[in-house]
Amino acid sequence: MFTFNFVPKNIPDTFAAVFSVSPESIQMIAETDRTVDGSFEQVYYALTDNELLLLQGNFHGETGFSGVNRPNSSRLASLLRRFVKKKKPQKDKPFDVAHSERISRAEIEAIEVLDQACNGMVCMRKGETYRVLSCFSMNKTKQIHRFARLSTILLSGKEIRPEDTSDDEYIQTCPKCGRPYPDQEALFCPHCQNRRSLWIRLLKYLRPYKWRYLLVIFLMFVTAGINLLRPYLTGTVFIDDVLTPGGRYYGQVLPLIIIALSLGVANQIVGNVLRGRINARISTEMSNDIRTEIFNALQRLSMTFFGKHHTGSLMTRVNDDAGEIQYFFIDALPFFFIQFLNMLGIAVYLFVTNWKVALAVMIPLPVVLFLVFKFFPKIRRFYDRIWVANSSINSSVSDTINGSRVIRAFSTESGEIERFSRKNENHKSLSLRLKLFQSTFYPLFQLLIGLSLVLIWGFGSVQILDGQLTIGELSTMITYITLVYGPMGQLSEFLFWWSNATNSAQRIFEVLDAVPDIADAPDAVPVEQIDGRISIRSVSFSYLPSKPILTDISVDIEPGQMMGIVGHSGAGKSTLVNLVNRLYDVKLGSISIDGTDIRKMKNEDLKRFIGVVSQETYIFIGTVWENIAFAKPGASKEEIVNAAVSAHAHEFIMKLPDGYDTVIGSGIRELSGGERQRLSIARAILHDPRILILDEATSAVDTETERHIQESLDRLVKDRTTISIAHRISTLRNADFIIVIENGRIVEKGTHDELIRHSDGVYYKLHQLQVQALAIKGV
């Protein structure tokens, strides 16, 4: 019997008592902690030879509380669900059954897990019909995935093998929070990242510039000192010592003006020019280092990583996140440092000069700080929400313009107007709330600053009349107060800058720490030449546990042979050729070329021997020369032209405005599907591979274009080992043999003529469907 999550010993006996079954007949028991509606109750599953048994309830003396899906949940209950930790069930307590159910195994095809943001659902599936059995918290993720995978194996009538229980196949979860790791290879949890270690790691980017950065810090001290000295000179010294009869420097106006002017010039040169130039060099070089490291890391990562992340997210990490870290170190941190030194120096001066006046000045400070740190972030959140609302409006306008043909075809103009009105109304509401908030907050903030000035004027005047303070000292204090309160609002933004930099660093390190799935083995051997013999032995593969894509695939392809692959969408055709090209590694079985397992070959050598013409041809932004030469950097123009001629691409290239010098690519000059495919074939011809993979190379073109492309492909496949996935079966008539894949398995194999004779076969049915479809089109 397999059990998960330390199932209490009395649970099997409880199943036996409730359902009148023998404990020995139970094959597997698992536990979840939430019901279908989200209530926190224990739900146990027991899989027997004939049934799936369910028990729901709590251990004696314990009660659960309702989950977030309850419509009557109060805010207090919501807080309890967040902060109250549910006790683990005690093994010695009896289980109070609230609900029990038995489901015949004939009604279940598979047990599947649907992961969500903060929890998951256990479902039973038969065909395309799902039924939710229970929910579970994140700390149950690992064992529930194991239960789903193993129970599905038993439901299919197979036995559980030792390798099926290997921990390598399980969903890895964070031991702290229980959430699945976003990257199962890197085992990095962004929710539990140690902020201190994160910042220590970030400092390595400053290490190459540490002496220059130390010089910047020194210049900050100089700038802070000048900023503190100037109000003292223009206040205390100028009024009390220069303008007041009997002062130490009475009448010496010109020297003081020269000193003040010199300090101003020095402050500009040191604070703005010199420090700015050093910062400019550090910031650009540091930003370049971060972007280069992220981009290099992306190049070594495998397709699994890119399949889990959106393109926009990765672009943000290369551009925006690197910029956020640069901005924090070069702009935000120095600004905070200077302002902190200023405030510290001013506080010292105020208390040394007259502690009574200093205390009077500090009276509004707690209120000012409260307003700054309480309401400035609220203003920033308003701006964030307005930015999102504005983006939504722009997206709506863009959709309306770009989709105008579809909108008019379906006569949905009124619906689009209503949708835009809702978004526009939301933008108006947010903007109005922000304006009303600002019109209240800023005058109040200025009132408090004015109150501080009134207090210092009042207390200072009393102190002057008592002879304990001079007019110059009071003037200096007033200037200092404006220096303190002025940038205080910006100081509150430092928390925002720090938070942004931390989040950016977290996302960057997620990329840098990701471990590539595909890497050269320590004992990988270099291969200089191959014949092209491919041997696929008992290959099984899945992208996710308990969801196999390929099962027990075995086939041999001799050098120079062409193997065709056909099957319904989602059968696993592209996955198989991706495994041959080693975009992914097989989970079980092996793929070898000329007797050498491709996992034992250097990846660079393998890619040199394999060429791919895919249904999704990507055109890089650049000239036609550069796009064709992408397959062979350094190729001569003569080689490129000959490759284009062989691919029937030369004719349309010469019709472009600048011929081979024409800049093409997304958003610049779009090419038709057939033109892109012919460029892709030209790349493959220039690459001159020994093994060629054609992945539905003519699926997205019309019949006439397909004919031209097929002529190019016929030249390309000559004397090469070829694997061809065909959307149109007619293109595989000349294949040496064809395999038919259905639900991840090879169900038929033979030549076109052999397979077409089996009227009850999958290949014959696919062929007939395509013939009927072409007849409808008049082809």
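The values are calculated or read from the model by the stated rules, or taken from the named source; none is laboratory data. The structure presented is a predicted model; accordingly, all values stated were derived computationally and were not measured. For neighbour counting, all protein chains shown are included, and Cβ atoms are generated from backbone atoms with ideal geometry for every residue, glycine included. Please note that ligands, DNA and RNA were not included when accessible areas were found on the heavy atoms of the full protein model with its side chains. Shrake-Rupley method; radii C 1.70, N 1.55, O 1.52, S 1.80 Å.
Carbon-plus-sulfur accessible fraction, region 534-778 (probe radius 1.4 Å, protein heavy atoms only): 49%.
Between beta-carbons, use under 12 Å as the cut-off and find the net charge around Ile278, counting Lys and Arg +1, Asp and Glu -1. With Lys, Arg at +1 and Asp, Glu at -1, the neighbours total +3. What residues of region 334-350 lie in the reach of a label at Val367, counting those whose backbone N is under 14 Å from a point 7 Å from the Cα along Cα→Cβ? Within reach of a label on Val367, which here means backbone N under 14 Å from a point 7 Å along Cα→Cβ, region 334-350 contributes nothing. Computed from the C-beta positions of Arg300 and Asp523, the FRET efficiency with R₀ = 25 Å rounds to 0.80. For region 355-468, lysine pairs separated by 8 or more sequence positions, or belonging to different chains, with Cα-Cα distances below 21 Å total 4. For region 355-468, the solvent-accessible area works out to 65 Å² per residue, with a probe of 1.4 Å and every protein chain left in place. Note on Lys142: aspartates and glutamates with a C-alpha under 14 Å away, same-chain residues under 8 apart excluded, are Glu31, Asp33, Glu112, Asp115, Asp167, Asp168, Glu169.
Peptides 45-55, 648-658, 11-21, ordered by how many other C-beta atoms sit within 10 Å of their residues on average, highest first, read 45-55, 11-21, 648-658. Does anything in region 416-437 have its amide N under 14 Å from the 7 Å Cα→Cβ label point of Lys378, and if so which residues? Counting only backbone N, you get 433-437. Cross-link pairs exceeding 27 Å between alpha carbons, from the set Lys587/Lys718; Lys158/Lys602; Lys718/Lys749: Lys587/Lys718; Lys158/Lys602. Highest average first, the peptides 205-217, 235-247 ordered by how many other beta carbon atoms sit within 10 Å of their residues are 235-247, 205-217. Label sites at Arg248 and Gln446, each approximated as a point 7 angstrom past Cα along Cα to Cβ, lie 3.9 nm apart. Entry comment: accessible area of region 534-778 is 47 Å² per residue, from protein heavy atoms only and a probe of 1.4 Å. In this simple spin-label approximation, Arg757 and Ser20 carry label points 7 Å from Cα along the Cα→Cβ vector, and these lie 5.8 nm apart. Net charge in the neighbourhood of Asn424 (other residues with Cβ under 13 Å of its Cβ; Lys, Arg +1, Asp, Glu -1) is +1. Shown is the FRET efficiency for Glu159 and Glu616, computed with R0 = 35 Å from the Cβ-Cβ distance and rounded to the nearest 0.05: 0.30. Annotation: aspartates and glutamates with alpha-carbon distance below 14 angstrom to Lys204 (same-chain offsets under eight excluded): Glu285, Asp289, Glu293.
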